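Data first, discussion second: the structure below is written as structure tokens.
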Amino acid sequence: MSLSGKRILLIIGGGIAAYKALDLIRRLRERGAAVRVVMTSAAQEFITTLSAGALSADHVFTELFDRQDEHDVGHIRLSRETDLLVVAPATADLMAKLANGHANDLASTVLIATDKPVLMAPAMNPRMWAHPATRRNRATLQKDRVTFVGPARGEMAESNEAGEGRMAEPLEIVAAIEAL
């Protein structure tokens with residue numbers, strides 16, 4: 001898939017890997033994609049809406065019941081005015097919400113409301129990634145035609161911790177998008 005002229009909705013989940021989403025925005029825009037951003041409240045603990053907005057050159061969406069954005073049912077509009085949804089980092093929480101049909105915040109509501117392709121780039125501690133619940137959720141999402149890139153093996157944010165759970169690098173995510 002050529003990214004030129006494509007509309008990508010990037011959902012940034014809360015985790016230390018959220019900083020990589022900023023580079024992902026830049027890489028997607030370099031290739032001609034228009035990027036809109038939804039950030040979870042947890043993501044906002046790691047990076048700012050100001051940074052994401054500056055790099056995407058667009059408003060960053062954060063709240064399901066925002067008076068400005070929801071006057072025209074913004075979560076439905078966001079889910080439809082895109083060619084692809086990318087979740088990076090895809091936390092265990094976001095994966096569980098989508099796998100089980102939960103829609104209690106803007107990110108999960110947009111994911112449930114879309115009929116567009118979804119690509120997830122998981123990022124979490126190796127023990128969380130290996131947990132049976134996370135494995136079940138991934139299997140369910142794959143049956144629902146959600147595509148995954150990563151996670152990778154390597155050093156984690158926690159001291160002396162390594163294993164499978166690192167978010168794929170931004171260029172790997174771009175390559176996965178282009179391969180769709």
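Just checking the listed ones, 18, 33, 139: in the Gaussian network model of the chain with Cα springs under 10 Å, the one fluctuating most is 139. Quick check on the chain: helices-only [θ] at 222 nm, where DSSP H runs of length 4 and up contribute -39,500 (n - 2.57) each and the sum goes over total residues. Nearest 500, please. Helices in the chain give a 222 nm mean residue ellipticity of -11000 deg cm²/dmol. Ranking 16, 49, 96 by Cα position along the charge dipole of the chain, where only Lys, Arg, Asp and Glu carry charges on their C-beta atoms, puts 96 farthest toward the positive end. For residue 120, the amide hydrogen comes within under 5 Å of the amide hydrogens of 87, 147, 148, 149, counting only partners 5 or more places away or on other chains and with H modelled in the peptide plane.
Using +1 on the beta carbon of Lys and Arg, -1 on that of Asp and Glu, and nothing else charged, what's the dipole of the chain about the Cα centre, debye to 20? Provide the component values of the computation, followed by the final result.
Numbers: 21 positive and 22 negative charges, 107 e Å.
Charge dipole, the chain, about its Cα centre: 520 debye, nearest 20.
For the chain, the longest principal axis of the Cα atoms and the long axis of helix 18-30 meet at an angle of about 50 degrees.
Sites counted here are GluC sites (Glu not before Pro) in a DSSP loop (not H, G, I, E or B) having no more than 13 other Cβ atoms within 10 Å; the longest part of the chain that contains none of them is 1-80. Take every pair of alpha-carbon atoms less than 8 Å apart whose residues are at least six positions apart; their mean separation over the length of the chain yields a relative contact order of 24 percent. Please check: in the Gaussian network model of the chain (C-alpha springs, under 10 Å), which one of 100, 137, 125 has the largest mean-square fluctuation. Top of the fluctuation ranking is 100.
Scalar couplings 3J(HN,Hα) for segment 92-98, obtained by applying the Karplus form with A = 6.51, B = -1.76, C = 1.60 to θ = phi - 60°, are 4, 5, 5, 4, 5, 4, 5 Hz; x denotes Gly and Pro.
Every number here is computed from the coordinates shown, using simple stated rules; none is lab data. Note that this is a predicted model, so its numbers are computed, not measured. All Cβ positions, glycine included, derive from the backbone under ideal geometry; neighbour counts span all protein chains shown.
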